[in-house]
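Here's the structure we're looking at; comments come further down.
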Amino acid sequence: MSSGEDKQAARKAAFVARKAAFATQGLALQANARLSEVLRRYAGQIVAGYMPIRTELDPRPALLRYDGPLCLPVVEAEARPLSFRPWSAEAEMIPGAFGAAIPAATATVCPQVVVVPLLAFDRHGFRLGYGGGFYDRTLEGLRQRGPVTAIGFAFAAQEMARVPVEATDQPLDLMVTETGVFSPFPTRSEAP
């Protein structure tokens, strides 16, 4: 089976696991409490969150308790990195790509911390997304500019023993779930 086929099979299993966790009462509240604790370490830095789609874990409760500037990702074009627009609870929102609302204001900022949605993750810091590569391109570009912390945010049920990895996949620095915070990750010797 090719890496692409591995990822497709992993995505199908991950959607099922995430949907079941999403329906379980209390998990989102616990996960947001942990994310709030983690974000306190970065007070004052620009933090990028995301607007949840489908059964993604919603980070807004933790983001709205954060003491510092916030922003949200914007898909500018296929196969391009994301841009980030300032966001607050009062921001005017408009429809964006893939059903995620985005801030109407077009000014952009460069985040120092990025809370990343995902389908699955492993204990080596790798994540499985939807396959568009938006976060991988974005994290690569941000890391070339300077330090950035990538925080995966998901239900514990989304953990896999091993996420299929390609050379372009960017690892996470932290993983936050309702059961804990994982970091640093052990090195996966067979990773690209």
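The values are calculated or read from the model by the stated rules, or taken from the named source; none is laboratory data. These numbers come from a predicted model, not from an experiment. Neighbour counts are summed over all protein chains in view; Cβ atoms, including those assigned to glycine, are modelled from backbone coordinates with ideal geometry. Calculation scope for accessible area: heavy atoms of the full protein, side chains included, ligands and nucleic acids excluded. Shrake-Rupley method; radii C 1.70, N 1.55, O 1.52, S 1.80 Å.
Can you bin the range 94-184 into rounded, prolate or oblate? Criterion: square roots of the alpha carbon gyration tensor eigenvalues sorted a ≥ b ≥ c, rounded for a/c under 1.5, prolate for a/b above b/c, oblate for the rest. Don't jump to the answer; show the numbers that get you there.
Values: a/c = 1.66, a/b = 1.42, b/c = 1.17.
It comes out prolate by the Cα gyration axes.
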Problem set entry | Cα lying deepest toward the dipole's positive end in the chain, options Pro52, Gly133, Gly146, charges on Cβ | Pro52
For this session: Evaluate the relative contact order of the range 118-192 (contact order divided by residue number), counting alpha-carbon pairs under 8 angstrom at least 6 apart; express in whole percent.
Result: 39 percent
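In whole percent, and with a 1.4 Å probe on the protein chains, what portion of the accessible area of the range 122-192 is carbon and sulfur? Present the calculation step by step, with values, prior to reporting the outcome.
Values: 1620 of 3240 Å².
Roughly 50 percent of what the probe reaches on the range 122-192 is carbon or sulfur.
Please work out whether the chain counts as rounded, prolate or oblate from its C-alpha gyration tensor, where a ≥ b ≥ c are the square roots of the eigenvalues and a/c under 1.5 means rounded, while otherwise a/b larger than b/c means prolate and anything else oblate?
Details: a/c = 1.40, a/b = 1.25, b/c = 1.12.
In terms of gyration-tensor shape, rounded.
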Exercise. Which whole-Hz couplings ³J(HN,Hα) result when phi for each residue of the range 119-135 is put into the Karplus expression 6.51 cos²θ - 1.76 cosθ + 1.60, θ = phi - 60°, listed in order with x for Gly and Pro?
Worked result: 8, 8, 8, 10, 6, 9, x, 9, 10, 10, x, 7, x, x, x, 4, 6
Exercise. Given the rule -39500 (n - 2.57) for each run of at least 4 DSSP H residues, summed and divided by the residues of the chain, what is its mean residue ellipticity at 222 nm, to the nearest 500 deg cm²/dmol?
Worked result: -8000 deg cm²/dmol
For this session: Name the long-range amide H neighbours of Glu159: under 5 Å, sequence gap of 5 or more, or other chain; modelled H, no Pro or chain starts.
Result: Phe121
Seminar exercise, completed: Under the 7 Å Cα-to-Cβ spin-label approximation, Glu5 and Lys19 lie apart by a distance in nanometres of 2.4 nm
Exercise. So how exposed is Lys12, as accessible area in Å² (1.4 Å probe, rounded to 10)?
Worked result: 140 Å²
For this session: Would you mind working out the accessible area per residue for the chain, using a 1.4 Å probe, and quoting it in Å²?
Result: 49 Å²
Seminar exercise, completed: Dividing the mean separation of Cα pairs under 8 Å (6+ apart) by the residue count of the chain yields a relative contact order in percent of 23 percent
Exercise. On the accessible surface of the range 1-72, probed at 1.4 Å, how many percent belong to carbon and sulfur atoms?
Worked result: 56 percent
Exercise. From the backbone phi of the range 76-90, what are the Karplus-calculated ³J(HN,Hα) couplings (6.51 cos²θ - 1.76 cosθ + 1.60, θ = phi - 60°) in whole Hz, Gly and Pro given as x?
Worked result: 7, 6, 4, 6, 10, x, 6, 10, 10, 10, x, 9, 8, 4, 8
Problem set entry | Gyration tensor verdict on the range 1-84 (Cα atoms; rounded if a/c is under 1.5, prolate if a/b is larger than b/c, oblate otherwise) | oblate
For this session: Enumerate the amide H contacts of Gly129 below 5 Å, restricted to partners 5 or more residues apart or on another chain; note that Pro and chain-start residues carry no placed amide H.
Result: Leu119
Problem set entry | Solvent exposure, largest accessible area first (probe 1.4 Å, DNA, RNA and ligands not counted), of Arg137, Arg11 | Arg137, Arg11
For this session: Quick one: what are the phi-derived ³J(HN,Hα) couplings along the range 160-174, Karplus 6.51/-1.76/1.60 with θ = phi - 60°, whole Hz, x for glycine and proline?
Result: 10, 4, 7, 7, x, 10, 10, 4, 8, 6, 9, x, 8, 8, 9
